[in-house]
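Note sheet for the following structure.
Just so it is clear, none of the values below were taken in a lab; they were calculated from the coordinates. Note that the coordinates shown come from a computational prediction; the quantities given were computed from them, not determined experimentally. Here the Cβ is made from the backbone with ideal geometry for all residues, glycine too, and neighbour counts use every protein chain on show.
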Amino acid sequence: MARLSIPKALRRVVSVTLLAAVVEYLVLPQVAGARKALHLVSQLNAGLFGLGVALEVLSLLAYSQLTRSLLPRGSLRLNRIFRINLSTLSVSHVVPGGTAAGASLGYRLLTASGVKGPDTGFALGMQGLGSAVVLNALLWAGLVVSIPVYGFNPIYGVAAGLGVLLIGFLSVIVLLMTRGVDRAATVLRTVARKLPLITEDATEAVFRRVAVRLQELTSDSARLARCIGWAAANWLLDAASLWVFLAAFGHGHGRFPNPVGLIVAYGLANVLAAIPITPGGLGVVEGVLTPALVGFGLTKSVAILGVLGWRLINFWLPIPTGAAAYLSLRLESERSDTPEQKLSPYAESLDQSRRGL
């Protein structure tokens, strides 16, 4: 009987993921004190816990609606886009610097579903950049309200600096693709001429197609507003889920998080988690979010358990559900009569973790 062969990279990823889970859910609660942690868990409000899960699902649906808004009209059904996003989220949560691997898998799944390459690249690029800009805008709005009340912290400057760099980068891209297309195309042809595996004509054609898509988006104010709205809904629903999880552990003692303080702490954690140090900001989010929430008035035990409960749904649950979503997409492709629509193996994106591990 043949033995099942598991790729070495996949075994490493699973091992590191399990180790991270053990540290997060067995070691960190000890910081809050075993007795306090056990007492708060026993008083957990199941209704609030369920509401937190529902808000997290709605956040993922809003993100899928953002993807759908950026794709050509009628490209894919929301159900398929939702499963594709879950699949990419699963990969990005287990691979160091996983955003790139997740985007690579998302690109293959979308193009295998019939979306043209330039349209897919545009949607994924604008989805990531647009979401980041909206997150920074939410953080800055929270800082404007909170700094006069709670004072200034040096970490605010770091996060704001990252936001300025991001918005500057996005502004340059928009400027090049709306007012300097010919000049940028000439530069790209010069660069492509010196690189292997790509041609000048193909590079220019892709760039011009993406530029046209960006011009269409910026000229359609209603569609642009929908994209911004879905991006904001994604972040706000996720933050609301965190608030509910914190309330689920703190309600027995009248400990409810300050909404403004929560937005600031949430924004800081997610902005800093964008630096590709760990998959999905594992450790960074918890390490920034927990003390920030304590600084805004929560007890350490409520902050730790609330954040861990939220991360259980926000970070860990998408890993198995994303794998299941990928398998459902793979099974659909296996039934397809068109060979070129077969999906690439899920494990290919996991193999990108070899350098990181």
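Points worth noting:
- Packing-based exposure ordering (other Cβ within 10 Å, fewest first) of Tyr156, Tyr326: Tyr156, Tyr326
- Farthest positive-ward along region 43-346 dipole, Cα basis, beta-carbon charges - from Met126, Thr278, Ala185: Ala185
- Translational D in µm²/s for region 43-346 (Stokes-Einstein at 37 °C, 0.692 mPa s, Kirkwood Rh from C-alpha pairs): 159
- A full extension of the chain between Thr186 and Leu44 corresponds to an added length of 45.0 nm, given 0.36 nm per residue minus the alpha carbon distance.
- For region 43-346, the relative contact order is 33 percent, taking Cα pairs closer than 8 Å that sit 6 or more residues apart in sequence and dividing their mean separation by the residue count.
- Contour minus Cα-Cα distance for Phe169 and Asp201 (0.36 nm per residue): 9.0 nm
- Positive-end residue, region 43-346 charge dipole about Cα centroid, Cβ charges, pick of Val91, Gly306, Ser64: Ser64
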